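Below is one structure, written out as structure tokens; comments come after it.
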Amino acid sequence: QEAERRGITDAIAFQQQLDMTRKRLAVAALIQQEVYASIDSTDIPDEVIVQSYTVSGSSFALREDLVQASVALFRDREGANVFRSKVLRGASWDEALRQMRADSAQRLQVVRTSSHQYYTRSQLYPDELWKLARSLPREEVSFPLRTPEGYTVVRVHQSFRQGEIPPLEYVRAEVREYLLMDLRRQRYEEFVGALRGRHSVDIRESAADSGAILNKE
């Protein structure tokens, strides 16, 4: 209201800025409708993702170390040892957990579990747990490690160093997003090309904007 009282909203410079903002919003809405809203992840077939990963897998090289591991957290050392013993005697990771959860006394020991998940250093904490995982031979079951939340048992399935190419399942979403960006760029260029074919356009500098303005006649 104060700006209106002073006549700021009626000034030519203000009206020019308002008009420029309206044009920018209109362009953004048009591009969103014609380029982005028309594309979703289903536009990228799985075979295209596999092909892109095969051809340019080095582009997705790891920026830090990575492990694929199964992790189980227990309330106390006894529960962790019971679980570890089941696995060492031949039970699978999931079967050992199922057996413990089926026991009315032992199921209270199980706090949190994961199976065949990928972890970086920042995702597997405390740091002692990460160091344990990095030192374990593949498929070996660790001793129970005491952590602030309880006792943790780890089994590492795969381990990767910084700079190595990770498996596709780890970077699938990243490859898909890369392909989606490329598809959006292609759709954008096609859309702009179609607009140029329908409109007479000249590009010139405007005092109201330091960037180039497309003026349709």
- Message: Taking just the alpha-carbon atoms of the range 47-123, what radius of gyration and Dmax come out, in angstrom?
- Response: 17.8, 53
- Query: For 120, 9, what's the largest-to-smallest order of accessible area, 1.4 Å probe?
  - Reply: 9, 120
- Task: Please work out the Kirkwood hydrodynamic radius for the range 77-164, using every pair of different C-alpha atoms, and report it in angstroms with one decimal place.
- Result: 13.7 Å
- If 86, 23, 131 are ordered by their accessible area, calculated over protein heavy atoms with a 1.4 Å probe, which sequence runs from highest to lowest? 131, 23, 86
- Query: Over its Cα atoms, what ratio of radius of gyration to 2.2 N^0.38 Å does the range 7-94 give?
  - Reply: 2.38
- What is the distance in Å between the Cα centres of the range 71-125 and the range 161-202? 42 Å
- Quick one: if the Förster radius is 25 Å, what FRET efficiency do residue 164 and residue 48 give, using the C-beta to C-beta distance and rounding to 0.05? 0.60
- Task: Over the chain, average the accessible area per residue using a 1.4 Å probe and give it in Å², no decimals.
- Result: 65 Å²
- Message: At 222 nm, what value in deg cm²/dmol follows for the chain if DSSP H runs of at least 4 each add -39500 (n - 2.57) and the sum is divided by all its residues, to the nearest 500?
- Response: -14500 deg cm²/dmol
- Express the carbon and sulfur contribution to the solvent-accessible surface of the chain as a percent, rounded to the nearest whole number, probe 1.4 angstrom. 49 percent
- Any chance you could tell me what percent of the C-alpha pair distances in the chain go past 20 Å? 73 percent
- Query: Nearest 10 degrees, 0 to 90: what angle lies between the long axis of helix 93-102 and the longest principal axis of the chain (Cα atoms)?
  - Reply: 70 degrees
- FRET efficiency (residue 39, residue 117; Cβ distance; R0 41 Å; to 0.05) is 0.85
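The values are calculated or read from the model by the stated rules, or taken from the named source; none is laboratory data. What you see is a predicted model; the values in this text were computed from it and never measured. Neighbour counts run over all protein chains shown; Cβ positions are idealised from the backbone, glycine included. For accessibility, only protein heavy atoms count, side chains too; no ligands or nucleic acids. Shrake-Rupley method; radii C 1.70, N 1.55, O 1.52, S 1.80 Å.
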